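Undergrad: Pasting a structure here, questions to come.
The values are calculated or read from the model by the stated rules, or taken from the named source; none is laboratory data. Being a predicted model, the structure only gives us computed values, none of them experimental. No Cβ is skipped: glycine too gets one built from the backbone with ideal geometry, and neighbour counts run over all protein chains shown.
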Amino acid sequence: MPITDTVRHRLQALLKRATRNQQALPGRTASLKRALHRLAASPLGCVDYPVIVLGAGPAGSALHAALRRRSIASLLIDPYPVMRNTYGIFADEIPSWLDKRCIAAVTKPVVVTADGDRFPLGRKYCLLDNAALASQLQAGDLLEHPATIVDAHTVQVGEQTLRAALIIDARGNRLHPMANQRREPTLSESKAVEQVYQLASGVLIPQHVLDESGITPPAVWMDFQPPHAHSLPDDCSPTFGYIMPHPAGILVEETILATAQPPTPELFDTLTTAACERARRYIPTLVADQLTPVEQVCIPLLAPTGTAVDGAIPIGAAAGWINPVTGYSVATSFRLADLFAAAIANPTADQRRRLVGTLHQLSVDRWLLTAAVPVLLALNRRQLDTFLRPVLCAPQPVQRAFLTLGDLSGTLRGMWQVFIRQPLPLQGLILRHMGTRPNTGANSPLNQQQLS
């Protein structure tokens, strides 16, 4: 059988398995259906707020703002309502309601190959201003306090008990190894102790340093050249650089796209060192005390999320709105926040079907992309560059469809384009690993759930 027929049959088999298992995937919708049905039958009842949203990250804040735009009162609760990480979004995915002040920078980034060649990404990419984003999305009732979900309509905030027609859980992934646990994981989640992560560590080149040097590094979405010959140990997963304008200067991040290595402080120190070395590649006169560490990012890619906790409806990372190939997507959270708010504001059968159908498609798409994670874990730096290049060089519609979670046909087209444009040895590696279980242990979420 020709190799192209083999991969075509493999994709068809994966799609069938994804569709068959969609109810067991992150984003399951049974609890959501029941909640919206109750809301339609008895819109408010005796409640303090129609909706209470727990978690003031991008997903929770976006839903809170979407409800306010529809004149639905909601209470946003978070003990630390600060968006610490930097967030980016493609210009063609910016929603019409987002204030222009939330855009910190608009760039036309390039991709740098392992050989040093450069090519344009082909799409404008924007860095968001977290302060302006929080100002717009968190306006209204905001309570800075830990909260505990009691049941589908009740939360406990200190000694205060609050009731709502809907409780929305947007507190992120319960298995996040770096976060302060704001709730207990379920039994099935607590068993899934091994994971695949996307990790990054970023440093800031302050604006005054840029002014003194007279050098402004270009915006780079992915730089596959090594930061320095000796800055990364041999057993470290392949990394790439991410260089973007920042309100206070230039952000330089070193990122591991996917790794089974645990996110230890030592690994983040290694990434921070690599980010500093990469910054010096662009401005050789930089010294260590001129660079400011600004963030450490850890995204669990395979955690079994999406199930309701005590009747609350999960959204964002808590609902599995994470592309397992590219990581968390602010654009997905913005898009689905509007759909959720529309279904809550007008919980008709048509609105419910539209929302549930979208979440089903997102779940199937995420399941299908999960099949590529074992391939990512098997690639070295040069192979990762070669593997991703067909998508990064693709026409804008194909690139957007593949990188946007929820476009199933686009994902299939993108996966096919990725495969047929690989050299023969890499095609063999893809066939050996695609859809298999990566070496993350018998209890890993991928082994337990994603490919069962």
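Undergrad: Would you check which residues across the stretch 260-283 are touching a helix residue (DSSP H, G or I) at 6+ places or on another chain (Cβ under 7 Å) and either farther than 19 Å from Val294 by Cβ or part of a helix (DSSP H, G or I) (or both) and list them?
TA: Our first condition is that a residue be touching a helix residue (DSSP H, G or I) at 6+ places or on another chain (Cβ under 7 Å); within the stretch 260-283, this holds for 260-261, 276, 283.
Matches in the stretch 260-283: Ala260, Gln261, Cys276.
Undergrad: When you go through Ile89, Ile103, Ile77 one by one, which is the residue that is farther than 30 Å from Val220 by Cβ and among the β-branched types (Val, Ile, Thr)?
TA: Numbers: Ile89 fails: farther than 30 Å from Val220 by Cβ; Ile103 fails: farther than 30 Å from Val220 by Cβ.
Among Ile89, Ile103, Ile77, only Ile77 is farther than 30 Å from Val220 by Cβ and among the β-branched types (Val, Ile, Thr).
Undergrad: Got a sec? Which of Val82, Val53 is modelled with pLDDT of 95 or more and either part of a strand (DSSP E or B) or surrounded by fewer than 17 Cβ atoms within 10 Å (Cβ to Cβ) (or both)?
TA: The unique qualifying residue is Val53.
Undergrad: In the stretch 338-393, how many are closer than 22 Å to Leu408 by Cα and either out of contact with any Gly (no Cβ under 7 Å at 6 or more places or on another chain) or assigned to a helix (DSSP H, G or I) (or both)? First the steps, then the outcome.
TA: Taking the stretch 338-393 first, the residues closer than 22 Å to Leu408 by Cα are 338-340, 350-376, 387-393.
When the remaining residues are screened for being either out of contact with any Gly (no Cβ under 7 Å at 6 or more places or on another chain) or assigned to a helix (DSSP H, G or I) (or both), the result is 338-340, 350-370, 372-376, 387-393.
Counting residues in the stretch 338-393 that are closer than 22 Å to Leu408 by Cα and either out of contact with any Gly (no Cβ under 7 Å at 6 or more places or on another chain) or assigned to a helix (DSSP H, G or I) (or both) gives 36.
Undergrad: Turning to a different aspect of this structure: Looking at the stretch 284-304, which of the residues that are assigned to a loop (DSSP other than H, G, I, E, B) and among the aliphatic types (A, V, I, L, M) is modelled with the lowest pLDDT? Steps first, please.
TA: Let us first name the residues in the stretch 284-304 that are assigned to a loop (DSSP other than H, G, I, E, B), namely 284-287, 291, 301-304.
Retained after the next criterion (residues that are among the aliphatic types (A, V, I, L, M)): 286-287, 291, 301-303.
Working: Leu286: 90, Val287: 87, Leu291: 93, Leu301: 86, Leu302: 78, Ala303: 57.
Looking at residues that are assigned to a loop (DSSP other than H, G, I, E, B) and among the aliphatic types (A, V, I, L, M), I get Ala303.
Undergrad: Could I ask something else about it? So in the stretch 106-139, with the set limited to residues that are in contact with a Cys (Cβ under 7 Å, 6 or more places away or on another chain) and surrounded by 18 or more Cβ atoms within 10 Å (Cβ to Cβ), which one is farthest from Glu295 (Cα to Cα)?
TA: Among those residues, the one meeting the criterion is Leu133.
Conditions tested, residue by residue: (1) closer than 30 Å to Ile72 by Cβ; (2) assigned by TED's automatic domain parsing to the domain that holds Arg432; (3) touching a residue at least 40 places away in the same chain (Cβ under 8 Å); (4) touching a His at 6+ places or on another chain (Cβ under 7 Å).
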{"position": "Ser333", "(1), (2), (3), (4)": "yes, no, yes, no"}
{"position": "Leu339", "(1), (2), (3), (4)": "yes, no, no, no"}
{"position": "Gly357", "(1), (2), (3), (4)": "yes, no, no, no"}
{"position": "His360", "(1), (2), (3), (4)": "yes, no, yes, no"}
{"position": "Val373", "(1), (2), (3), (4)": "no, yes, yes, no"}
{"position": "Leu388", "(1), (2), (3), (4)": "no, no, yes, no"}
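Undergrad: Continuing with this model, one more query. Among the residues of the stretch 135-146, are any aliphatic (A, V, I, L, M), assigned by TED's automatic domain parsing to the domain that holds Asp169, in a strand (DSSP E or B) and on the phi < 0 side of the Ramachandran plot?
TA: yes
Undergrad: Return the residue satisfying two criteria in turn: it lies in the stretch 221-261 and is of a type in the set (A, V, I, L, M, F, W, C) and under 19 Å from Leu286 (Cα atoms), and of such residues it is modelled with the lowest pLDDT.
TA: Kept after step one, since they are of a type in the set (A, V, I, L, M, F, W, C), are these residues of the stretch 221-261: 221-222, 224, 229, 232, 236, 240, 243-244, 248, 250-252, 256-258, 260.
After this cut, where a residue has to be under 19 Å from Leu286 (Cα atoms) as well, the list is 229, 243-244, 248, 250-252.
Details: Ala229: 56, Ile243: 95, Met244: 94, Ala248: 90, Ile250: 95, Leu251: 95, Val252: 96.
Checked the stretch 221-261; the qualifying residue modelled with the lowest pLDDT is Ala229.
Undergrad: Continuing with this model, one more query. If Ala279 satisfies all but one of (1) under 30 Å from Asp407 (Cα atoms); (2) at pLDDT 90 or above, what's the number of the condition it fails?
TA: Unmet condition: (1).
Undergrad: Looking at Phe240, Phe268, can you tell me which residue is within 12 Å of Ser201 (Cβ to Cβ), assigned by TED's automatic domain parsing to the domain that holds Ala105, under 26 Å from the mean Cα position of the chain (by Cα) and in contact (Cβ under 8 Å) with a residue 60 or more places away in the chain?
TA: Going through Phe240, Phe268 in turn, the sole match is Phe268.
Undergrad: Assuming Thr358 fulfils every condition listed in (1) under 20 Å from the mean Cα position of the chain (by Cα); (2) surrounded by 22 or more Cβ atoms within 10 Å (Cβ to Cβ) apart from one, which condition is it?
TA: It is condition (2) that Thr358 fails.
Undergrad: What number of residues within the stretch 349-403 satisfy the criterion of being among the aromatic types (Phe, Trp, Tyr) and touching a Ser or Thr at 6+ places or on another chain (Cβ under 8 Å)?
TA: 1
Undergrad: Another question, if that's okay. Can you go through Asp385, Asp365 and tell me which one is surrounded by 20 or more Cβ atoms within 10 Å (Cβ to Cβ) and touching an Asp or Glu at 6+ places or on another chain (Cβ under 8 Å)?
TA: Asp365
Undergrad: Is there a residue in the stretch 337-353 that is of a type in the set (Val, Ile, Thr) and crowded, with 23+ Cβ neighbours inside 10 Å?
TA: yes
Undergrad: While we're here: Please verify whether Thr154 is more than 24 Å from the chain's Cα centre (by Cα), surrounded by 14 or more Cβ atoms within 10 Å (Cβ to Cβ) and free of Cβ contacts under 8 Å to residues at least 24 places away in the same chain, treating the condition exactly as stated.
TA: When the stated conditions are applied, Thr154 passes them.
Undergrad: So, in the stretch 86-104, how many residues would count as being surrounded by fewer than 17 Cβ atoms within 10 Å (Cβ to Cβ) and either over 20 Å from Cys126 (Cβ atoms) or in contact with a strand residue (DSSP E or B) (Cβ under 8 Å, 6 or more places away or on another chain) (or both)?
TA: Summing the residues that are surrounded by fewer than 17 Cβ atoms within 10 Å (Cβ to Cβ) and either over 20 Å from Cys126 (Cβ atoms) or in contact with a strand residue (DSSP E or B) (Cβ under 8 Å, 6 or more places away or on another chain) (or both) in the stretch 86-104 gives 1.
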